[in-house]
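Comments concern the structure below.
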Amino acid sequence: MLDRDTLRRWFCSEILPLERPLTRYIRRHWSNESEVADLRQEIYARILDGTEQLPLQAKPFLFVTARNHLINCAKRGQIILFENVVDLEASSVPIDTITPERISSAREELRRVQAALGQLPPRCREVVMLRKLEGLSQREVAERMGISVGTVEQYMVQGMRQLVDLVIAGSSSAPRKPALLRVRKARPR
């Protein structure tokens, strides 16, 4: 049985980043725009409540769950539009198709992330890299760097916020206002 903390971490790191493509998928296959957000939340709830072991690939798992949920909702509706059900059942999301556009987009995104990492303060960058790239726990990072677990947490929050701001600002033409950060100073004991 999968423990809830592992499931939540997996959900936050693997499923939530797919929110935009999931929303586009729902909009493409559901006629009532006002129900899109509710359907997305129901799909998230199905994943969190029904997952007993982590799938090998999150994206196909998410889209199969979404497809099945939309089919069930269409079948439960008072008016069943059979063309919607047939359309959904016939749809196959080309998940593993590697196109030149996807390769180019992925390379550009990698360049933005690398550039953003280079702009982080050194200690903050080290914490982010140890946690996200090397997969160390907060405790392991704290021990390796000789700092407290709370400080690791603060650096992670600060680093991830700055990374998001830098990557998003680098991907759009309009500059984005960076998030305001409140970094607590250590209290004397």
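We did not get these values from a lab; they are worked out from the coordinates using the rules stated. Keep in mind it's a predicted model, so treat the numbers as computed, not measured. In this analysis, Cβ positions are derived from the backbone assuming ideal geometry, glycine residues included, and neighbour counts consider all displayed protein chains.
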Worksheet item: Taking 0.36 nm per intervening residue step and subtracting the Cα-Cα distance, what contour gain separates I168 from Q119 on full extension?
Response: 16.3 nm
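Please arrange D3, D165 by how many other C-beta atoms lie within 10 Å of their C-beta, fewest to most. Working shown, then result.
Details: D3 8, D165 17.
Ascending number of Cβ neighbours within 10 Å: D3, D165.
Determine the sum of side-chain charges near V113: Lys and Arg each +1, Asp and Glu each -1, restricted to other residues whose C-beta is under 15 angstrom from that of V113.
Numbers: positive: R107, R111, R112, R125, R131, K132, R161; negative: E108, E109, D165.
Here the charged neighbours net out to +4.
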